[in-house]
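S.K.: What follows is a structure written as structure tokens; I'll ask about it next.
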Amino acid sequence: MSAPQPTYLHDYQPPAHRVTHTELTFDLSPGATRVKARLHLERHPDREDAAESPLVLDGEQLSLKGIAIDGQPLDADEYRVSDTQLTVHRVPERFLLDTEVEIAPEANTALEGLYQSNGMYCTQCEAEGFRRITFYPDRPDVMATFSTTVVGDAQREPVLLSNGNLVERGELPNGRHFVTWEDPHPKPCYLFALVAGNLQKVEDSFTTMSGREVALQIWVEEENLDKTDHAMASLKRAMAWDEQTYGREYDLDLFMIVAVNDFNMGAMENKGLNIFNSAAVLTHPQTATDAAFQRVEGIVAHEYFHNWSGNRVTCRDWFQLSLKEGFTVFRDQCFSADTNSAPVKRIEDVAFFRTAQFAEDAGPTAHPIRPDHYIEITNFYTLTIYEKGAEVVRMLRNLVGWEAFRQGSDRYFERFDGQAVTIEDFVDCMAEASGLDLSQFMRWYSQAGTPEIDAHGEYDYAKAEYHLTLRQRTPATPGQPDKLPLHIPVRLGLVGTKSGEDLRMTLDGEELGRDAVIHLREEEQHFVFTDIAEAPVPSLLRGFSAPVKLRFPYAREDLAFLLTHDSDGFNRWDAGQRLALLALDDLIAAHRNGVEKVMDVRVIEAFRGLLNAETDDKAVLAEMLTLPSEAYIAEQQPVVDVDAIHAARTFVKQSLAVALRDDFLRVYHDNASDAAYAPEPEQIAARSLKNVALSYLMSVEDEEGIELAQRQFSAGHNMTDVRCALTLLTHSSRGDLADPALRLFGEKWAHDPLVMDQWFSIQVTRPQADVLDRLTYLMEHPAFSLKNPNRVRALIGAFAGQNRVNFHRIDGAGYRLLADVVIELNRLNPEIAARIITPLTRWQRFDEQRQALMKAELERIRAEELSPNVFEVVEKALA
Ligand code: PHE
Ligand code: ZN
């Protein structure tokens, strides 16, 4: 087998032929579905060579049954079919192409194209799944209107859905029936969707700003009918928010969401027919945690927002993926911030970003927000494209200001409605609306890696000046040895050490106010703030104003000071994280050197202060009381020592628990409540605070803490509390606490796959050394299947990603297990295989012994016959 070849951005050409209208007929059958396609084709006016060009359509795993042009069946020598393409050698200027193919949805375990999930038919076409349904120019710059007829069994598939509006339905012989759908909005085929099965709907409606009534439907299997309320409410909020915030109105009379159990990603924005991973849409107080409720709200909004940022205006090619994803993630982040606690949303997003995206940027698969080549596009649905893309859009918003940003956005939607465009088109609109020169800013799109800023500050008493030096550097990444300086907005304040307040800042004679943005454009820049009457502590990169690593030699006293005085909530939290990190550093060193660990009392006092201060935002407090994760601590280490990190973090947690036991107990009781569950900010905040307190008490297996956890588990008020209690009991060292609770929970929820996923994850994230045996045992559990991505993520993903001490066991057993799974998944579901392998690709970060073990597993995988997905990742990891 020859190695898969990359596709390059610089090779982009418009297609030689375009489709203006697409007519599809599906005759459904699990093993032999027939797909008839009639494509209205014409030469592309932008391609001079279109007249001489053959017609080339993508197609994979299709068995061609018939082909005709303008009604004339083609002779065998007039076309050619390869593994990936159909070529018709000579075609007229404008013509109708009819094809008929056969496909086997029941055999589709990759979950791309048309497949079956729990007996129901569904599709996933982004990025290149449509080519597994029919022969087609499967690229986002070919946009057509669609008319789709679905024929199914009236009993088994009473519900037949596709994009747009239902225009006709009827009975057919042999117990079959059909429905025809028409989508008037031209779209690329990656937004096509079809769903067929025995589904039930929950219905509601929304009146748009111009007074149109839109029917809203959520389609689920019968047993999930009671789990759709939150998604529906979220959808309506999102629709209203997009009208108010971006002036964007929905454009069809019907908007549908379908929940499916087998799904590779979170959800998909197909026009008028969003398809969701059931985990990203279903909620019930008894089965879903607060975090899950918030995740559902965010994803429902995200997919809805795509209707404009993605569907009405789409991507020219897949290199532009961040055009729709970065912008849409930014939009959903703002929506969630507006609906919940804005500072907490930012803290959560950044905490996640700085661990996971920074790690990606520092690893062998690092790539720019706009990559310039790829082998398998599904490998590029990454944290970089999505989350860093969103950070870059956020910087744009902050650079040009909200008003110009909104004008730029209006311009973008108006100018490019119905088109497939590039990232430049978007940024140009922002530049035009604001009058700013964003040319240097564009480097954010082409340079991979996390920029590092080294900051130094000095207060000059005599002159009453504060001197700040910022130096930027972006480390080399694969294929990009040299980096240019970026345009980095640094939001800052100078907090007076006497007054405790943000000081007025004057820079080069210009009044900046007390909170301002300075622009770092050079490799090194000096900033002199004048008229600074008292010595300040700088609060830098407020709100995480740029996706960079910022180093500043803060003394611990400075951090304790910022922790209480910074006016920026995000930086108050970050000061606490930095303070904890300094203490953790010492303890990691002590652990390695075999010296006794001593807890830094400044951290204890800072936490005591937090626990005893008046607070109006309990959710932020809960975040502040949460120690940096092991993964984030690891990010700070030159060579990751998983055991020392685990020991140090556990030691800090336990020391705090012992020193502040009464405070934690008080906080627990103050925040316990019997109120009926609601996924509302205040309740959520109280629950997280209470549960953080409980986790401290349980870290030392405090008798009273154990009792509280057990009571919380049995009371069963809601899944947030139950899951937290079960996790703490399971992760304790005492089997007598874990086993009965796990058994009870497992029996109670055996019928609910999404709850069983939590049951799996809780068990495989326990820090005890026997966890690998348990994992092997759970892989044989009847509720587990490698064919279901949620199960794989719950069991294998949680173990390899979150149970760091055990995954990195020094005997390599964790690595071996993951490699075995990757090898099996490579055949079943290459997309998931290529994702689940990630922890193994990060071998450079560990000691030599572990490096050797991890590489050996990667080599073992490489020796297999690999899908392009896994091939691309493994080659990069071993390069
Ligand atoms: N486009 C989807 C989203 O971000 C994600 C997705 C990509 C889903 C590819 C499935 C396949 O909203
Ligand atoms: Zn998206």
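Read-outs: derived from the displayed coordinates by stated rules, not from any lab. As the structure is a computational prediction, the values presented were derived from the model and not from experiment. Here the Cβ positions follow ideal geometry from the backbone for every residue, glycine too, while neighbour counts run over all protein chains shown.
S.K.: Extending each Cα 7 Å along its Cβ direction at residue 863 and residue 710, get the distance between those two points in nm, one decimal.
M.R.: 5.1
S.K.: While we're looking at this one, here's another question. Per residue and in cubic angstrom, what volume does the convex hull of the Cα atoms of segment 67-225 have?
M.R.: On the way: hull volume 26.9 nm³, N = 159.
Cα convex hull per residue, to the nearest whole number: 169 Å³.
S.K.: For segment 802-808, take each phi angle, set θ = phi - 60°, evaluate the Karplus expression 6.51 cos²θ - 1.76 cosθ + 1.60, and give the result in whole Hz per residue in order, putting x for glycine and proline.
M.R.: Once rounded to whole Hz, the list reads 10, 9, 5, 4, 8, 4, 8.
S.K.: Using only the alpha-carbon atoms of segment 659-798 as identical scatterers, what base-10 log of I(q)/I(0) does the Debye formula give at q = 0.11 Å⁻¹?
M.R.: Debye intensities relative to I(0), on a log10 scale: -0.43.
S.K.: Also, I was wondering about something else. Go through 215-227, 343-355 and give me the packing order, highest mean Cβ count within 10 Å leading.
M.R.: Answer by packing, highest mean first, reads 343-355, 215-227.
S.K.: Could you compute Rg(Cα) / (2.2 N^0.38 Å) for segment 469-524, with N its residue count?
M.R.: Normalised by 2.2 N^0.38 Å, the Cα Rg of segment 469-524 equals 1.53.
S.K.: When all alpha-carbon pairs of segment 770-825 are counted, what percent fall beyond 19 Å?
M.R.: Result for the distance tail: 19 percent.
S.K.: For a quick size check, give me the Cα extents of segment 689-770 along its three principal axes, largest first, whole Å.
M.R.: Principal extents (Cα only, largest first): 34, 31, 20 Å.
S.K.: Which three semi-axes in whole Å describe the equivalent ellipsoid of the chain, each the square root of 5 times a Cα gyration tensor eigenvalue, listed largest first?
M.R.: Working through the eigenvalues yields semi-axes of 46, 33, 27 Å.
S.K.: Oh, and also: Sequence gap at least 6, Cα distance under 8 Å: using those rules, report the relative contact order of the chain to the nearest whole percent.
M.R.: Normalised by residue count, the contact order of the chain is 8 percent.
S.K.: Using the Kirkwood radius over Cα pairs, work out the Stokes-Einstein diffusion coefficient for segment 791-879 at 25 °C and 0.890 mPa s, in µm²/s as a whole number.
M.R.: Using the Kirkwood radius from Cα pairs, D works out to 193 µm²/s.
S.K.: Tell me, how many Å apart are the Cα centres for segment 134-181 and for segment 34-72?
M.R.: Each part's Cα centre sits 21 Å from the other's.
S.K.: What nm value, rounded to one decimal, do you get for the distance between residue 171 and residue 460 when each label is placed 7 Å out toward the C-beta?
M.R.: 9.2
S.K.: To continue, here is another question. Packing-wise, with mean Cβ within 10 Å as the measure, how do 527-534, 10-17 rank, highest first?
M.R.: With the highest mean Cβ count within 10 Å placed first, the list reads 527-534, 10-17.
S.K.: For segment 1-122, with equal point scatterers placed on the C-alpha atoms only and solvent neglected, what are the log10 I(q)/I(0) values from the Debye formula at q = 0.11, 0.12, 0.13 1/Å, to two decimals?
M.R.: Each listed q maps to, in turn, -0.46, -0.55, -0.64.
S.K.: Order these by the 10 Å Cβ neighbour count, fewest first: 365, 84. Spell out each step's value before the answer.
M.R.: Working: 365 21, 84 10.
With the sparsest Cβ surroundings first, the list reads 84, 365.
S.K.: Quick one: 3J(HN,Hα) in Hz for segment 39-44, Karplus 6.51/-1.76/1.60 with θ = phi - 60°, rounded, Gly and Pro as x.
M.R.: 9, 8, 10, 8, 5, 7
S.K.: Can you compute the modelled spin-label distance between residue 352 and residue 564, with each label point 7 Å from Cα toward Cβ, in nm?
M.R.: Taking the two extended label points, one gets 3.4 nm.
S.K.: Rounded to the nearest 20 debye, what is the charge dipole size of the chain about its Cα centre when +1 sits on each Lys and Arg Cβ and -1 on each Asp and Glu Cβ?
M.R.: 1000
S.K.: Separate question: So who's got an amide H within less than 5 Å of the one on residue 193, skipping anything under 5 residues away but keeping other chains? H placed 1.01 Å off N, in plane.
M.R.: 163
S.K.: Follow-up question, since we're still on this one. Under 5 Å between amide H atoms, partner at least 5 residues away or on a different chain: which partners does residue 520 have, H built in plane at 1.01 Å?
M.R.: Here 488, 490 satisfy the definition.
S.K.: Further, regarding this structure: Which distance in Å, rounded to a whole number, links the C-alpha centroids of segment 322-349 and segment 761-830?
M.R.: The distance from the Cα centre of segment 322-349 to that of segment 761-830 comes to 31 Å.
S.K.: Take each of the peptides 742-750, 100-108, average the number of other beta-carbon atoms within 10 Å over its residues, and list them starting from the highest.
M.R.: Answer by packing, highest mean first, reads 100-108, 742-750.
S.K.: For segment 80-92, just list the computed ³J(HN,Hα) in residue order, Karplus coefficients 6.51, -1.76 and 1.60, θ = phi - 60°, integers in Hz, with x standing in for Gly and Pro.
M.R.: Once rounded to whole Hz, the list reads 9, 10, 10, 4, 10, 9, 10, 10, 10, 5, 10, 9, x.
S.K.: Taking 1 over the mean of 1/r across every pair of different Cα atoms in segment 151-309, what Kirkwood radius in Å do you get?
M.R.: Working: mean 1/r = 0.0618 Å⁻¹.
Kirkwood hydrodynamic radius for segment 151-309: 16.2 Å.
S.K.: Please work out the ratio of the alpha-carbon Rg of segment 286-440 to 2.2 N^0.38 Å and round it to two decimals.
M.R.: Its radius of gyration relative to the 2.2 N^0.38 Å reference: 1.05.
S.K.: Same structure again: Could you compute the net charge surrounding residue 542? Neighbours are other residues with a C-beta less than 12 Å from the C-beta of residue 542; K and R count +1, D and E count -1.
M.R.: Taking every other residue near residue 542 into account, the sum is -1.
S.K.: Separate question: Sum -39500 (n - 2.57) across every DSSP H segment of at least 4 residues in the chain, then divide by the residue count to get the 222 nm mean residue ellipticity, nearest 500. The partial results should precede the final answer.
M.R.: On the way: 30 runs with 345 residues, N = 879.
So the helix-based figure for the chain works out to -12000 deg cm²/dmol.
S.K.: Please list, in order, the residues from segment 276-303 whose amide nitrogen is less than 18 Å from a point placed 7 Å along the Cα→Cβ vector of residue 243.
M.R.: 301-302
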